[in-house]
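The block underneath contains the structure these notes are about, expressed in structure tokens.
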Amino acid sequence: MLIELQLKYKPHYLFENFPHLDLLCAFSARIWGNMSLFYGDTGNALENRKNFLKGLGIDYRGLVCTKQVHGSLTRYIRKIDSGKGALSYANAISDTDALITDKKNVPLSIFTADCLSVFLYAPKTPSIGLVHTGWRSSKENITAKAAQLMQEKFNAKVEDLYAGFGPAIRDCCFEVGGEFTDFFEPEYLIKRDARYYLDLAGINKKQLLAQGVKDKNIFDSKICTSCRNEEFFSYRKEGIGCGRMMSVMMLQ
């Protein structure tokens, strides 16, 4: 389901079955370095962003970034928002975990290290959405809310919507407490040896299917950041000081 392209001998990943008519979308790997201006070693973060985005044809100075808070707020991004958080975390859009836009040449971004990035694309509108979701945001149905807002704001038809899931911690590794049975349905809590493991991707896929997104239009990278920690940052494996990958999306 993925295309791995080489930029200066470093891979970045695209969704193979997305209809890339007017779209740039990708996510970085550890080899590109930390992309966050807030978490981990931030000393080279701007240069890392610049190098990664240059290969995609995106000016890093126009990046739209947010202060992610594990909430469920989705914001509509306009041309005037271009560059917010691109050069300084203090200037990023506050309290936001999902972005949508129908504007061309406005690159949306989120940053993850175990949480799931969800790419949303309505090619007939055209419009896009980019979602940062961990268990808290998934509990608040953020992916469904972002897809719904795209329908309302852009008249995007849900049957035409595509979705892609980036790297995230998977149910093989995402151990949670028994209290999670109060938050999520049993089918997304895998029990092994009296322990519970959460299927974050499965929860978000269900949200999209419930909205009316076609199953054949949902693509999953199936990458576990914990299992493949040598390639991707993982908060669970590395702790609070770990870096972040970037997911980026832009209409051309």
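The values are calculated or read from the model by the stated rules, or taken from the named source; none is laboratory data. Everything numeric in this text was worked out from a predicted model, so none of it was measured. Every residue, glycine among them, receives a Cβ derived from its backbone with ideal geometry; neighbour counts consider all protein chains shown. Calculation scope for accessible area: heavy atoms of the full protein, side chains included, ligands and nucleic acids excluded. Shrake-Rupley method; radii C 1.70, N 1.55, O 1.52, S 1.80 Å.
Computed per residue of the chain from DSSP H runs no shorter than four, each worth -39500 (n - 2.57), the mean residue ellipticity at 222 nm is -5000 deg cm²/dmol.
Model label points for Arg61 and Glu175, set 7 angstrom from Cα along the Cα-to-Cβ axis, are 4.8 nm apart. Subtracting the Cα-Cα distance of Cys227 and Phe38 from their residue separation scaled by 0.36 nm leaves 65.6 nm. Legend: calculated FRET efficiency, Leu209 to Lys153, from the Cβ-Cβ distance at R0 = 22 Å, rounded to 0.05, equals 0.55.
Got a number for carbon plus sulfur as a percent of the chain's accessible area, 1.4 Å probe? Don't jump to the answer; show the numbers that get you there.
On the way: 5240 of 10950 Å².
About 48 percent, which is the carbon plus sulfur part of the accessible surface.
A full extension of the chain between Glu238 and Arg78 corresponds to an added length of 54.0 nm, given 0.36 nm per residue minus the alpha carbon distance. Here the 3J(HN,Hα) profile of the stretch 140-152, calculated from phi with Karplus coefficients 6.51, -1.76 and 1.60 at θ = phi - 60°, is 8, 6, 4, 5, 4, 5, 5, 5, 5, 5, 5, 5, 6 Hz, Gly and Pro shown as x. Were the residues from Glu140 through Ser88 laid out at 0.36 nm apart, the gain over their Cα-Cα distance would be 15.9 nm. The relative contact order of the chain, computed from alpha carbon pairs under 8 Å that lie at least 6 residues apart in sequence, is 25 percent. Residue-wise HN-Hα couplings along the stretch 237-248, as the Karplus relation 6.51 cos²θ - 1.76 cosθ + 1.60 with θ = phi - 60° gives them from phi, are 7, 10, x, 5, x, 6, x, 10, 7, 10, 10, 9 Hz; Gly and Pro carry x. Based on protein heavy atoms only, the stretch 150-252 ends up with 46 Å² per residue of surface accessible to a 1.4 Å probe.
Measuring against 30 Å, Cα to Cα, the residue pairs Lys139/Lys216; Lys54/Lys216; Lys54/Lys222; Lys84/Lys139 contain Lys54/Lys216 as the ones spanning a longer distance.
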